[in-house]
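The values are calculated or read from the model by the stated rules, or taken from the named source; none is laboratory data. Just so it is clear, the structure is predicted and the values come from calculations on it, not from any experiment. With ideal geometry, Cβ positions are generated from the backbone for all residues, glycine too; neighbour counts draw on all protein chains shown.
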Amino acid sequence: MHGPVVVALGDSITYGVGDGTQRPETVTEVPIGWAAHVAHALGASRFTNLASNGARARHLARSQVPTALMARPDLVLMTVGGNDVLRGDFDPEGIQRDVADALERLTRPGRSVVLLSLDRIGLFDLVGGPIADVMARRIGAANAALRLAAAGTGAVVVDGAAAIAPSGKRGWHIDRVHPSAIGHRALAQHVIDRLGGDVAPVASLLPPPPSPALADRLWWLARHGTPWVAKRSRDLIPQVAAMVTHEVLEERRRGRSATA
């Protein structure tokens, strides 16, 4: 009996960033990313990962969904919205519209579609204060948009935050934006559990690799972490600073009005 055809869509979380080794020259032929782990556990006859770093909700229908439909998948796995949250032009209504369009085209009888909701971005929780509050509200708005988009489509919405929470800090990659190898496996197990009787696992999840050594962590920060921060410093950070300033001023104005 052949296993299901599985296709993965979305952004860097679905692509698998944070899983496996830190140096690309040491990557082996093991599944990388939560979606790949799900496909492996289900004994997929074919697995195609169409996700890409930086993908936003608008990129689903434009490029990923048409290719996914050609594969005639039995199971579609998707994570999206994180990059929308990290942009100055964040638009929850746009996320809802784009994801709803993608789900409408993907959903059909006999096909399961799983949409993973977003966890808080740990990087901003480290900063704390008003910035963390603003980003948490964005995550909440994005998740609300994802649930509204999935309503009535039959898609299974899996709570990404609830899946990773039991792993604590070990569930996060060094960048505090993506899941770690442990986090990816926690997401995969949560998805498998939610699918329940619709699919039957034929293999166990592979154990996570050893935690990366200090040299590997330093290499990642130099190769990926610093450029990411520099790029976001020109886009997101000024926008967040402006939003925080606006909210603080609004709170002060409301406080003065209440006093008067």
- request: Give me the pairs, please: first residue somewhere in the range 146-175 and at pLDDT 90 or above, second residue anywhere and in a helix (DSSP H, G or I) and among the charged types (D, E, K, R), beta-carbon distance under 7 Å, and either six or more positions apart or on two chains.
  value: THR153/GLU104; VAL156/ARG194; VAL157/ARG147; VAL158/ARG194
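Can you pull out every residue in the range 167-198 that is assigned to a helix (DSSP H, G or I), in contact with a helix residue (DSSP H, G or I) (Cβ under 7 Å, 6 or more places away or on another chain) and farther than 12 Å from TRP34 by Cβ?
Listed by number, the residues that qualify are SER167, ARG170.
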message: Can you find a residue that is within 26 Å of HIS184 (Cβ to Cβ), in a loop (DSSP other than H, G, I, E, B) and out of contact with any Asp or Glu (no Cβ under 9 Å at 6 or more places or on another chain) anywhere in the range 99-106?
response: no
query: In the range 179-190, is there at least one residue being of a type outside the set (A, V, I, L, M), farther than 17 Å from LEU77 by Cα, touching a residue at least 60 places away in the same chain (Cβ under 8 Å) and crowded, with 17+ Cβ neighbours inside 10 Å?
result: yes
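Taking the options LEU77, LEU103, LEU69, LEU115, name whichever one is more than 16 Å from the chain's Cα centre (by Cα), at pLDDT 95 or above and crowded, with 22+ Cβ neighbours inside 10 Å.
Numbers: LEU77 fails: more than 16 Å from the chain's Cα centre (by Cα); LEU69 fails: crowded, with 22+ Cβ neighbours inside 10 Å; LEU115 fails: more than 16 Å from the chain's Cα centre (by Cα).
Exactly one residue qualifies, and that residue is LEU103.
Yes or no, residue by residue, for (1) in contact with a strand residue (DSSP E or B) (Cβ under 7 Å, 6 or more places away or on another chain); (2) touching a residue at least 60 places away in the same chain (Cβ under 8 Å); (3) not in a loop (DSSP other than H, G, I, E, B):
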position: ALA39; (1), (2), (3): yes, no, yes
position: ALA44; (1), (2), (3): yes, no, no
position: LEU69; (1), (2), (3): no, no, yes
position: PRO73; (1), (2), (3): yes, yes, no
position: LEU115; (1), (2), (3): yes, no, yes
